[in-house]
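Asks: Let me give you the structure first, and then I'll get to my questions.
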Amino acid sequence: MRNLSSMMFKTQTQLPLYSESIESTCNLAEGDAIKPTLVFLHGLLGSTQDWEKIVAHLSSDYQCICIDLPGHAGSQAVTVNDFQHVQQLIIATLAQYEFEHIVLVGYSLGARIAMSIASDRAANWPYKIVGMLLESGNPGLNNSAEQLQRGLHDLAWATRFSESPLTQVLPEWYQQGVFASLTNAQRTTLITTRSEIQADYNGFNGGKQISKMLAATSLSKQGYLLPKLQSAAFPVSMVCGELDPKFVQLTQSSQLEHHVIADAGHNVHADQPIVFAELVRGLVSDGLASNKLMNRDAQQSAA
């Protein structure tokens with residue numbers, strides 16, 4: 001992306017959210033179907049740069065669009081009220097590109113945003129989704145006590161992000177249990193990279209913008225989305241790393257198609273990029289097959 005060597009045509013847009021589109025140079029048809037565009041949504045504290053290795057493996061075959069979420073990197077000046085507001089901004093961002101249908105790939109917060117899109121898709125989503133890959137994403141809390149506890153937890157972190165420099169908050173953020181598989185070197189690199197990315201844009205206080213996004217998209221405000229994911233009209237697949245026991249349990253109990261990846265922690269696409277890219281390819285194939293079957297059934301019903 002910003003450092004990706006440009007074998008393919010790349011476009012960047014700033015509004016409403018910063019995004020990068022890397023255009024495939026190959027035939028966009030797969031058999032008798034048009035290949036979908038891959039849309040990538042990063043996690044909290046991330047950016048489009050997080051997907052560089054994945055895009056490097058996939059953009060020769062697919063158009064790839066990566067978006068900086070509100071409060072992050074190139075979209076750092078943008079604040080939102082809730083998940084629906086994030087959806088509206090993503091819709092407006094994608095409207096600048098041309099495609100027929102998409103596969104959504106989301107990591108952590110990005111996966112939860114994708115889940116909210118799946119949940120509200122019939123009412124609000126104008127683009128045809130043919131697949132969704134959810135990496136280390138929590139489908140929601142199923143009781144009010146858990147929601148209250150998580151709300152207080154996220155409020156505490158949001159306050160810390162708002163009041164203290166990222167260089168002070170991030171060392172403790174990356175000590176949380178989901179990041180237990182990180183080595184000291186990996187943790188140090190993440191802290192440095194995340195701090196630098198947020199500091200690079202327009203002089204904004206990156207921590208305050210992260211705080212606003214965390215508060216607006218707290219898991220406590222998400223709702224329990226698993227039933228709607230289970231009944232989605234397109235393939236939905238969950239993926240997690242075997243070194244992330246919390247998400248192994250969530251993933252295996254989801255009753256969705258799922259993959260537990262060896263030698264990977266919370267961030268599978270960083271730990272095992274080639275394996276992750278192949279999962280995306282597999283989901284694309286499943287989505288195209290499912291879409292073809294639905295079209296055939298619709299034609300038969302009409303006849």
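Please treat every number below as a calculation from the coordinates, not as lab data. Everything numeric here is computed off the predicted structure, so don't read it as measured data. Note that each Cβ is placed from the backbone with ideal geometry, even for glycine, and that neighbours are counted across all protein chains shown.
Asks: Under a 5 Å amide H to amide H cut-off, with H placed in plane at 1.01 Å, what residues pair with ILE34 once short-range neighbours are removed?
Replies: HN-HN under 5 Å from ILE34: empty list.
Asks: Percent antiparallel among DSSP beta bridges with both residues in the chain, to the nearest 5?
Replies: 30
Asks: Another question, if that's okay. Which listed residue (VAL39, LEU170, SER59) has the Cα farthest towards the positive end of the charge dipole for region 22-181, taking +1 on Lys and Arg C-beta and -1 on Asp and Glu C-beta about the Cα centre?
Replies: LEU170
Asks: Let me ask something else. Which of the helices in the chain meet the span-like rule: DSSP H, Cα axial reach of 27 Å or more, Kyte-Doolittle mean at least 0.0?
Replies: 273-302
Asks: Sticking with this one: Between the alpha-carbon centers of region 257-276 and region 45-102, tell me the distance in whole angstrom.
Replies: 21
Asks: If you place +1 on the Cβ of every Lys and Arg, -1 on the Cβ of every Asp and Glu, and leave all else neutral, what size is the dipole of the chain about its Cα centre, to the nearest 20 Debye?
Replies: Magnitude of the dipole: close to 500 debye.
Asks: Using only DSSP helix segments of four residues or longer, with each worth -39500 (n - 2.57), what per-residue ellipticity at 222 nm results for the chain after dividing by its residue count and rounding to 500?
Replies: Theoretical 222 nm ellipticity from helices: -14000 deg cm²/dmol.
Asks: Beyond 35 Å, what share of the Cα-Cα pairs of the chain is found? Please give it as a whole percent.
Replies: When every Cα pair of the chain is considered, 14 percent fall beyond 35 Å.
Asks: Order the peptides 155-161, 171-177 from the highest to the lowest mean number of other Cβ atoms within 10 Å of their residues.
Replies: Ranking the peptides 155-161, 171-177 by packing returns 155-161, 171-177.
Asks: FRET efficiency for THR192 and SER253, Cβ-Cβ distance as r, R0 = 30 Å, nearest 0.05?
Replies: 0.25
Asks: Can I ask one more? Let me spell out the model: positive unit charges on the Cβ of Lys and Arg, negative unit charges on the Cβ of Asp and Glu, origin at the Cα centre of region 136-247. What dipole size does that give, in debye rounded to 20?
Replies: 240
Asks: Mind giving me the nanometre distance, one decimal, between the label points for THR183 and ALA232, set 7 Å out from Cα along Cα→Cβ?
Replies: In this crude spin-label approximation the distance works out to 3.4 nm.
Asks: A further question follows. Fewest Cβ neighbours within 10 Å first, please rank CYS66, CYS240 accordingly.
Replies: CYS66, CYS240
Asks: Separate question: Can you compute the modelled spin-label distance between SER60 and SER285, with each label point 7 Å from Cα toward Cβ, in nm?
Replies: 1.7
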